[in-house]
Structure formats: structure tokens, C-alpha cells
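A.B. asks: This is the structure I have questions about; it appears just below.
The values are calculated or read from the model by the stated rules, or taken from the named source; none is laboratory data. What you are looking at is a predicted structure, and each value in this text was computed from that prediction instead of being measured. So basically every Cβ, Gly included, is an ideal-geometry build from the backbone, and we count neighbours across all protein chains shown. Protein only, heavy atoms only, side chains kept; ligands, DNA and RNA dropped before computing areas. Shrake-Rupley method; radii C 1.70, N 1.55, O 1.52, S 1.80 Å.
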Amino acid sequence: RVLLDCPAQTLTHLQKLELEIDQLDLILLSHQHSDHVIGMDLLLLELTMGRASRRERPLRIAAPPGVYERVAEIIGGAPRMTPEDDDRITWIEMHDGAGFEWEGVTVQAVEVDHTPALFLAVGSRAEIDGKPIASTGDTHICAPLHTPPPRASPPRPARVARPPPVPSAVPPSPPPHP
């Protein structure tokens, strides 16, 4: 199961769908605006300390550069922000053209046009059980959305993000979402 972005109401929506957090295999985050990542706070709490903390397989979270740091800023010094050597959650830093395969899902990132352009925003093209899906977050219509990648071309590998140490002071937030 794949979660596309993680707004504040994510846990409520999962409950309405009768889905447990430990059923998730992959989370694709499009960019660092809080309306796309603020739900990670409670989701990570549940994954690291709640009922889902007993899950038996790792969760992969793929996001553009800066998203891990933004989520860490939102959570603060709480222990639910997992360190890089935590085997329960793997963070993947996605750049334009980066890709990976996880639990039978093939994912490729494509840079999308998001205003204001203060950071990289990525859309995700995925193939699940042979069926394509795409997610763009809340971007403008842009050329990469109209050009599907060649099916024979495997995605380029993504770099696993190296989580920074929890800062003692909270860095400034990006400008609010328009």
C-alpha cells in the first residue's frame, strides 16, 4: 500500500478506510510544505511508539531533499524522528529522475513546477501490479506531466537520505503555502 503525501488528516482518513498504519509499504511525499507533511508527526509516533511499532517489515518514505529536515523541524526533539540507523523506516531522497523499486512497486521521481519555487518539488510515477499511477502534489501543469518515461528504461537509483542530528534550535520555517 502506497500513501501519497501525508496531510494532517491522514490518520483519520486511514481509519475511515479501515486501514492500519502498519499496512503501509511506501509513503511518497511531494514537497516540504506543511500541508503535505504535517501528518508525519502522528504517523511516526504511531509507527515508533504506538500499535504499529510492532510491524515486522520496514517502511520506506521517499521525498525530495529538505523534506526529512522539515519533518524533523515539525517534530522537534521527540524520539519518534528516527535516526539513519533505524531499520524500521528508510528515508529516500528523491531528485528529478531518481527511482527505486520497493515491495514490488517501481517509482520514478520527476521535477514538477511548484510556486513558489523555493525548493524541489517532485511528482511520482509508480507502477503497482503492472498499473501506472502518478501523483504531483499541488503543482502547476508542466511538461514532465505530459511525457511518460520510456517503459524499458529503469529508473535511476535514489540516494538514501542521511538524517541530520536533531538540532538544538529550530531552524526557520519555509514561507507559508500560498
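A.B. asks: Given a 1.4 angstrom probe, what's the average accessible area per residue across segment 1-117, in square angstrom?
C.D. replies: Counting only protein heavy atoms, the per-residue value for segment 1-117 is 44 Å².
A.B. asks: Let me ask something additional. Would you rank Arg88, Arg80 by solvent-accessible area, highest first, keeping every protein chain in place and using a 1.4 Å probe?
C.D. replies: Arg88, Arg80
A.B. asks: In segment 1-116, what percentage of the DSSP-assigned beta bridges are antiparallel, given to the nearest 5?
C.D. replies: Among the beta bridges of segment 1-116, antiparallel pairing accounts for roughly 25 percent.
A.B. asks: OK, next. Can you list the GluC sites (Glu not before Pro) in segment 1-79 that are in a DSSP coil and have 12 or fewer other beta carbons within 10 angstrom?
C.D. replies: Glu18, Glu56
A.B. asks: Okay, next question. Check each of the GluC sites (Glu not before Pro) in segment 92-128 and keep only those in coil by DSSP with at most 15 other C-beta atoms within 10 angstrom; list them in order.
C.D. replies: In loop regions of segment 92-128 (DSSP not H, G, I, E or B), the sparsely surrounded GluC sites (Glu not before Pro) are Glu103.
A.B. asks: Tell me the accessible surface of Val122 in square angstrom (1.4 angstrom probe, heavy atoms of protein chains only), to the nearest ten.
C.D. replies: Here the accessible area works out near 0 Å².
A.B. asks: When the accessible area of segment 1-96 is split by element with a 1.4 Å probe, what percent falls to carbon and sulfur?
C.D. replies: On the way: 2060 of 4300 Å².
On segment 1-96, the fraction of accessible area on carbon and sulfur atoms equals 48 percent.
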